[in-house]
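Since every read-out is calculated from the coordinates, none of them should be taken as a lab result. None of the values given here were measured: they were computed from a predicted structure. No Cβ is skipped: glycine too gets one built from the backbone with ideal geometry, and neighbour counts run over all protein chains shown.
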Amino acid sequence: MAPPSSWGSCPSEALPKHEYWQRHMARQDESGLTQRAYCERVRLKLPTFRYWK
């Protein structure tokens, strides 16, 4: 299942790393999904997501 376009990964080359991850943190909080479910949906590695959280 492809992630909805509004949840898609931020273009990492266009943002500094801390901004890229801050946006994902905000999107995960707003989504109501668990960290694991959010990461699966947008195809992020959970340990990396938790590192930046």
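The table that follows gives values for the structure above.
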read-out	value
Cβ pairs under 6 Å, 6+ apart, first in segment 37-53 and among the hydrophobic types (A, V, I, L, M, F, W, C), second in a loop (DSSP other than H, G, I, E, B)	42/3; 42/9
Residues that are under 12 Å from residue 53 (Cβ atoms) and surrounded by fewer than 13 Cβ atoms within 10 Å (Cβ to Cβ), drawn from segment 19-33	26, 29
